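Just so it is clear, none of the values below were taken in a lab; they were calculated from the coordinates. As the structure is a prediction and not an experimental result, all values here were calculated from the model. With ideal geometry, Cβ positions are generated from the backbone for all residues, glycine too; neighbour counts draw on all protein chains shown.
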Amino acid sequence: MRAMIKATRKRLKRSSPGFTLVELLVGGSIMLVIVVATLSLYMRSNKVAVDQNQYAELQHDVRSGMYFISRDIRMAGVGLPVEFFGYAFEGVDNENQGVEVTPDRFRMLGNIEDPLNLPIDNYQGSSINLAVDDYSFEQYPYLDEYYDNKFVLVLPNPNSLCRAGEVRQISHVTHSSGGNTEKLNFSPGQAEDWGINPPGGLSGTCSSSNDYDGGLVTFIDVKEYWLDVTGNYPGLTAGQDGYIGNGQGAILYVTLNGVHYPLAQNVENLQFEFNGDWNPPYDGGLDGFVPWDNATWTLDPDMVSRIRQVRILVLGMTPRPFVTFAGKAPEILNVYKRPPLSNTAGAAQADKHKRFLLESTSNVRNLSLNMYNTGTR
């Protein structure tokens, strides 16, 4: 009887549920492999997401900068008499900021934002009052208060020999209720007091006050597009007039009437090329894109007035190297190293920062009419 009870207990023990040590080790190993594979997949996906996010941000920055530059180039020179078109642009080719990258600068002039063309009746030059033709204010929908603190460019009569324009700031306007005795009243000072520097050395005062009779007053927008490579641009103070500084480089700025506005970050290089009628007999045709000629164009309005197209090249670079890139980047590709642009050299080695290059060509609308009339594109 006792033997039967012992045999029954042995059978019950053998049939009890449970796992052996070997089974636990095998199951744990399989689970560990699954967990490690899942984490590896997650880490890989996270790295890809991080890289793609910074690349998408880079593309947004470059496209935003290109939009504003191309838009303003199309509007450059608006409001200027044809005799002053040579003062619509001024460039700098390959500015040296003390580092390997040498970006271009480009300055333009025009009443780009708001139209205004007031014919001058009488102006003495550097005086605080300027009389315009009667009923001039009535041609525009601006209230009197709208003129307060606006910057204007006072141009002499195109028939005079003087080519000096005054940049003044309006304190207020006065006129009679019937549209007579309309005057602009200026604050003391001129362009240099506000850091406004029109292209081509246009800023100045004519020697004779008679030069301004029959001239023109127009709202002025002096815009300059430039790239701060290092974040410590010489002559600028961090936190002053909109400049960021403090070592934050690779920022594309537009300087509007002396105030710096950051447009885009992660910009590595900025280049401009210009197409126009460069060669005799100056028949209005286009002779090909060339960089800005620092030696002769800067103070040669005749050459500048021949510009009809501007090619813009904006190169962006991700702020961090791509973490999903393994191994050594191929040197024959410029995806992961700075490529040569226009007349600037490329980098010697790849740094695993991914680049995005955007190129666009803008017709200078206000200078291109004769190009379309001749059928030459």
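Take the Cα of V50, step 7 Å toward its Cβ, do the same at E23, and the gap between the two points is 4.3 nm. Between the listed residues I170, I251, L130, the Cα displaced farthest toward the positive end of the dipole of the chain, a dipole computed from Cβ unit charges relative to the Cα centre, is found at I251. Overall shape of the stretch 112-219 was characterised from the C-alpha gyration tensor. The equivalent ellipsoid obtained from it has semi-axes of 21, 16, 12 Å, in decreasing order.
The tail of the calculated P(r) for the stretch 221-340, taken as Cα-Cα distances beyond 25 Å, holds 45 percent of the pairs.
If only the Cβ of Lys and Arg carry +1 and only the Cβ of Asp and Glu carry -1, the dipole of the stretch 112-219 around its Cα centre is close to 300 debye. Lys-Lys pairs in the chain that are eight or more residues apart or on separate chains and whose Cα atoms lie under 21 Å of each other come to 11. Residue order for M31, M317, fewest other beta carbons within 10 angstrom first, comes to M31, M317. Using a simple spin-label model with pseudo-atoms 7 Å out from Cα toward Cβ, S360 and E100 lie 2.9 nm apart. Spread over its residues, the convex hull of the C-alpha atoms of the chain is 250 Å³ per residue. The angle between the Cα long axis of helix 2-14 and the longest principal axis of the Cα atoms of the chain comes to about 20 degrees, rounded to the nearest 10.
If you bin the C-alpha pair distances of the stretch 168-221 every 5 Å from 0, what whole percents do you get? Per 5 Å bin, starting at zero, the Cα-Cα P(r) for the stretch 168-221 comes out as 4, 14, 20, 27, 20, 9, 5, 2 percent. If R0 is 25 Å, the Cβ-Cβ spacing of D144 and S209 corresponds to a FRET efficiency of close to 0.45.
Under a model in which nothing but the beta-carbon of Lys, Arg (+1) and Asp, Glu (-1) is charged, the stretch 237-336 shows a dipole of about 520 debye around its Cα centre. Go ahead and set up a Gaussian network model of the chain, Cα springs under 10 Å, then flag whichever of P103, P156, P188 fluctuates most. So, out of P103, P156, P188, the one fluctuating most is P188.
Would any residue of the stretch 151-168 have its amide N under 13 Å from a label point 7 Å out along Cα→Cβ of S187? List them or say none. So the set is 151-152, 168. For the chain, the longest principal axis of the C-alpha atoms and the axis of helix 21-75 are separated by about 10°.
Each of V217, S203, L184 was scored by the projection of its Cα onto the charge dipole of the stretch 112-219, and the greatest displacement toward the positive side belongs to S203; charges sit on the C-beta of Lys, Arg, Asp and Glu. Calculate, for S40 and V259, the FRET efficiency according to 1/(1 + (r/R0)^6) with r their C-beta to C-beta distance and R0 35 Å; round to the nearest 0.05. So, using R0 = 35 Å, E works out to roughly 0.10.
Of the DSSP beta bridges with both residues in the stretch 112-219, give the percent that are antiparallel, rounding to the nearest 5. Expressed as a percentage, antiparallel bridges in the stretch 112-219 total about 95.
In a reduced charge model with +1 at each Lys and Arg Cβ and -1 at each Asp and Glu Cβ, the chain shows a dipole moment near 4980 debye about its Cα centre.
Of the residues Y55, Y142, Y336, the one that moves most in a GNM of the chain with alpha-carbon contacts below 10 Å is Y142. Summing charges over neighbours of S209, with a neighbour being any other residue whose Cβ is under 15 Å away from its Cβ, gives -3 when K and R count +1 and D and E count -1. Between E268 and L315, G316, M317, the built amide H atoms are under 5 Å apart, and every one of these is 5 or more places off in sequence or on another chain. In the elastic network of the chain, a GNM with C-alpha springs shorter than 10 Å, the most mobile of G239, G189, G231 is G239.
Here the calculated FRET efficiency for L299 and I128, from their Cβ-Cβ distance with R0 = 22 Å, stands at 0.15, rounded to the nearest 0.05.
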